[in-house]
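Notes for the one structure printed next.
The values are calculated or read from the model by the stated rules, or taken from the named source; none is laboratory data. Here the structure is a predicted model, which is why all the values come from computation and not from measurement. In this analysis, Cβ positions are derived from the backbone assuming ideal geometry, glycine residues included, and neighbour counts consider all displayed protein chains. The protein model used for the area step is the full one, side chains on, heavy atoms only, and it has no ligands, DNA or RNA in it. Shrake-Rupley method; radii C 1.70, N 1.55, O 1.52, S 1.80 Å.
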Amino acid sequence: MVVAFGDSVPAGNACDCVPFPELYAQRRPGPARALNLGMDGYTSADLLDEVREADLGDAVTVLIMVGANDAADAFPGAGAAGYARIAARTEANVAEAVRAIHAATGDGLPVFVIGYWNVVQDGDAAAYGPGEDEEAAVATEDVNRALAEAAAQTGATFVPTYPLFKGVDGRADPTGLLAEDGDHPNEAGHQVIAAAIPVPGTGPAQG
């Protein structure tokens, strides 16, 4: 079973489509069943609480995507120091969640920590005031760095989505991969994320 934890992105909010955890499960040999525990509004603290209570006995892979709400709850106006503190808390919570997963299942269970293209709105739907697009970029970079570090500390694998949605240089327009609200992926966006997550034992992800 592929078990997914996180916020409204893995939950599939704003998209009348199959979200990426289920699409990823379909890619696996078998294919595997998916247990999608993504919840609207979840923060990294919510994730940690949920992981501690979860039954992971049938899990073959765990997906984690959380942290956007940690930063978005303080946007705009947190400032560089504020987002740094939020990122540090996110890193600690996600790392502890991965450790709890491994304690329950064994260190060999693959855990993928998935990053963000933006922790707030993006594409055509985004309507920021002066300087807020730059603030969004800082918040997103800090959260993604925290998620990557949490993965590195715990033997999980970080899967970035920023280059998939915005290009390596950050200049690509992600609108075509986003729902109308600019906050969540549309069907094409979920397909892109699912294709980027490696399937253990089958080589690099395709697509």
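Any idea how many residues of region 86-144 are among the hydroxyl-bearing types (Ser, Thr, Tyr) and crowded, with 20+ Cβ neighbours inside 10 Å?
Quick first cut of region 86-144, residues among the hydroxyl-bearing types (Ser, Thr, Tyr) only: 90, 105, 116, 128, 140.
Of the ones still in play, those that are also crowded, with 20+ Cβ neighbours inside 10 Å are 90, 116, 140.
Residues that pass the stated criteria total 3.
So Gly57 fits all but one of (1) surrounded by 22 or more Cβ atoms within 10 Å (Cβ to Cβ); (2) part of a loop (DSSP other than H, G, I, E, B); (3) of a type in the set (Gly, Ala, Ser); what number is the exception?
In the conditions (1) surrounded by 22 or more Cβ atoms within 10 Å (Cβ to Cβ); (2) part of a loop (DSSP other than H, G, I, E, B); (3) of a type in the set (Gly, Ala, Ser), Gly57 misses (1) alone.
Here is a yes/no grid of residues against (1) of a type in the set (Val, Ile, Thr); (2) modelled with pLDDT of 95 or more:
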| site | (1), (2) |
| --- | --- |
| Tyr116 | no, yes |
| Asp124 | no, yes |
| Arg145 | no, yes |
| Ala150 | no, yes |
| Leu164 | no, yes |
| Thr175 | yes, yes |
| Leu178 | no, yes |
| Gln191 | no, yes |
| Gly201 | no, no |
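Condition first: acidic (Asp, Glu), surrounded by fewer than 21 Cβ atoms within 10 Å (Cβ to Cβ) and touching a residue at least 40 places away in the same chain (Cβ under 8 Å). Now tell me which residues in region 60-83 satisfy that. Walk me through how you get there before you give the answer.
We begin by selecting, within region 60-83, every residue acidic (Asp, Glu); these are 70, 73.
Adding the requirement that they be surrounded by fewer than 21 Cβ atoms within 10 Å (Cβ to Cβ) leaves 73.
Scanning region 60-83 gives no hits.
Could you name every one of the helices (runs of 4 or more DSSP H) located completely within region 95-207 that has at least 1 residues being among the aliphatic types (A, V, I, L, M) and closer than 22 Å to Gly79 by Cβ?
132-154
Only residues that are touching a residue at least 60 places away in the same chain (Cβ under 8 Å) and either touching a helix residue (DSSP H, G or I) at 6+ places or on another chain (Cβ under 8 Å) or of a type in the set (Asp, Glu) (or both): list them for region 125-143, please.
If the condition is that a residue be touching a residue at least 60 places away in the same chain (Cβ under 8 Å) and either touching a helix residue (DSSP H, G or I) at 6+ places or on another chain (Cβ under 8 Å) or of a type in the set (Asp, Glu) (or both), then Glu135, Ala139, Thr140, Asp142, Val143 are the ones that fit.
Which count do you get for residues in region 10-49 that are in a helix (DSSP H, G or I) and open to solvent by less than 40 Å² (accessible area, probe 1.4 Å)?
Just the residues of region 10-49 that are in a helix (DSSP H, G or I), to begin with: 10-11, 20-27, 44-49.
Applying the additional criterion that residues be open to solvent by less than 40 Å² (accessible area, probe 1.4 Å) yields 10-11, 20-21, 23-25, 44, 47-48.
Counting residues in region 10-49 that are in a helix (DSSP H, G or I) and open to solvent by less than 40 Å² (accessible area, probe 1.4 Å) gives 10.
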